[in-house]
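Shown next, in structure tokens, is the structure this report addresses.
The values are calculated or read from the model by the stated rules, or taken from the named source; none is laboratory data. What you see is a predicted model, and the numbers here were worked out from it, not measured in a lab. Reconstructed Cβ throughout: ideal geometry from the backbone, glycine too, with neighbour counts over all protein chains shown.
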Amino acid sequence: MSDAEGVADYTRLVNEHSRSIYRYVMRRLSDWSSCEDVVSDIFLIAWRRRDQLPPRDRELAWLYAIAFRVISNQRRSRDRRNRLTVRMALEREGFDYGSDDDSFDVDSIMSVVKYLRVDDRVLLEHVYWEHLTYREIAVVLGISANAVGIRINRAKRNLRLLLDQNFERDRPSEILDRKSEG
Amino acid sequence: MSRDPIEEFFESLDRTRQLSDALVDEMFSLERLYSQVEGATPSPSPSPSSSPSAGRMGRRMWHRGAVMTTVAVLVLGTAAAAITLSRGPVQSVANMACYQGNSLRSTANVVAYNSNPLATCSRLLHWPIPSKKGHEKGALCLLSNGSLAVFPPSSKTDRCAILGLETFNGHLANPEVAKLQIAAENYFAHHPCESLSTARTAMLELLGANGLVDWKVRLTGLTSPQSCATLAFQLNSKDIDIVGIHR
């Protein structure tokens, strides 16, 4: 592939997928002001690896895989910095929502999140937020599609148990609706 | 039929569910990304397809929002001539950017828009005064978000086209909307942490005062009482987004 073709492909990649990548990052970072830097890092890595660009139907999963690693690295370095803070109790689980954002600070939901395994949550986020197929999730997480299928079934089972315990009376959306009305 | 509780659970936790694509576009600057990509590119090689030229070319393509084919790249000279003729009005007067050099990579100071941008940027950045005999002129270009980019005096011509930007044609696309934007920006400059409801009321009053009856005010982002209201204009859909952010 010539450099001109690489540039043209990269331009199309950015135009087509920058919104999806931005949302992917925003869903996972509490500090929205850092999202732009993280997204830039992701596309800079994509630029450096533009000679490895997969076929078009697999481009987005390829970008998500880069994003997943950039966010994971960022969390790891931040966790090292903040190990002694109380807030780390949640963040060590990899869950990262601002403590002063009360639209998510709903005890019932947070208690589920706290007890949900990190691996389970990461898998289910890709299913329910990005609507990826098992094969695409396998690309993002670097595991086999079979393993993804098995782990997602297990993760759903675990989460259903937690939800049944925590939402016997109310569904998550009803709790959030009441919160926003109040 | 009842919904899957797991789907509902994750939807509840999705912080972006109320964000429109337009708002996402506002929050993520492609210009900055392209500048960074160009900055991250290795030093020029003797090859005609070396990275800096690829960066400029790429930026032009990005700003046009179009994907050029390789064939189009090969006839870049012709394309550049066409781009030179491209002129347009300022769409957004939320602010303007004074650049310190003739590159989108150079440091930009974002300042309030006004009707004498060259003088404002010149004062701010202490640009040398162009000689009367010289041909140096500041360049007024349009960024992809419709706002003005101001570049320092230079004898080079077609600088906007070289940067892949439209040249400012000296007009505002919509003076009433510009007036609204300036008033709204002014309001938020004086109310840095207003509540969402108060900011919404103020914006509705501004819309009424400017006779913009087909505009709407939307609340998005964080909705907690502790959040601060910030402003985003959606010029195409005629929306003012009041976005709640962390205090």
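Evaluate the following for A:ILE21: is it of a type in the set (Val, Ile, Thr), more than 21 Å from B:ALA22 (Cβ to Cβ) and part of a helix (DSSP H, G or I)? Judged against the criteria, A:ILE21 is not a match.
From the residues in the range A:136-163 that are in contact (Cβ under 8 Å) with a residue 60 or more places away in the chain and not β-branched (Val, Ile, Thr), which one is nearest to A:VAL113 (Cα to Cα)? Going through the qualifying residues, I end up with A:LEU141.
This table checks each residue for (1) outside any strand (DSSP E or B); (2) more than 15 Å from B:SER20 (Cβ to Cβ); (3) at pLDDT below 85.
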{"position": "B:LYS179", "(1), (2), (3)": "yes, yes, yes"}
{"position": "B:CYS193", "(1), (2), (3)": "yes, yes, yes"}
{"position": "B:SER197", "(1), (2), (3)": "yes, yes, no"}
{"position": "B:GLU205", "(1), (2), (3)": "yes, yes, no"}
{"position": "B:THR220", "(1), (2), (3)": "no, no, yes"}
{"position": "B:PRO225", "(1), (2), (3)": "yes, yes, yes"}
{"position": "B:PHE233", "(1), (2), (3)": "no, no, yes"}
{"position": "B:ILE240", "(1), (2), (3)": "no, no, no"}
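The number of residues in the range B:1-24 that are within 22 Å of B:LEU231 (Cα to Cα), more than 7 Å from every other protein chain (Cβ to nearest Cβ) and not polar (S, T, N, Q) comes to 4. Within the range B:198-220, none of the residues are closer than 28 Å to B:LEU13 by Cβ, among the small types (Gly, Ala, Ser) and touching a Lys or Arg at 6+ places or on another chain (Cβ under 8 Å). Put simply, of A:ASP41, A:ASP37 the only residue that is more than 7 Å from every other protein chain (Cβ to nearest Cβ), out of contact with any Phe, Trp or Tyr (no Cβ under 9 Å at 6 or more places or on another chain), touching a residue at least 24 places away in the same chain (Cβ under 8 Å) and closer than 30 Å to B:SER12 by Cα is A:ASP41.
A quick yes/no check of all residues on (1) closer than 23 Å to B:SER227 by Cβ; (2) crowded, with 18+ Cβ neighbours inside 10 Å:
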site	(1), (2)
A:GLY6	no, yes
A:HIS17	no, yes
A:ASP37	yes, no
A:ALA46	no, yes
A:ARG69	no, no
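Residues of the range A:44-69 that are in contact (Cβ under 8 Å) with a residue 40 or more places away in the chain and assigned to a helix (DSSP H, G or I): A:ARG50, A:ASP51, A:ARG58, A:GLU59, A:LEU60, A:ALA61, A:TRP62, A:LEU63, A:TYR64, A:ALA65, A:ALA67, A:PHE68.
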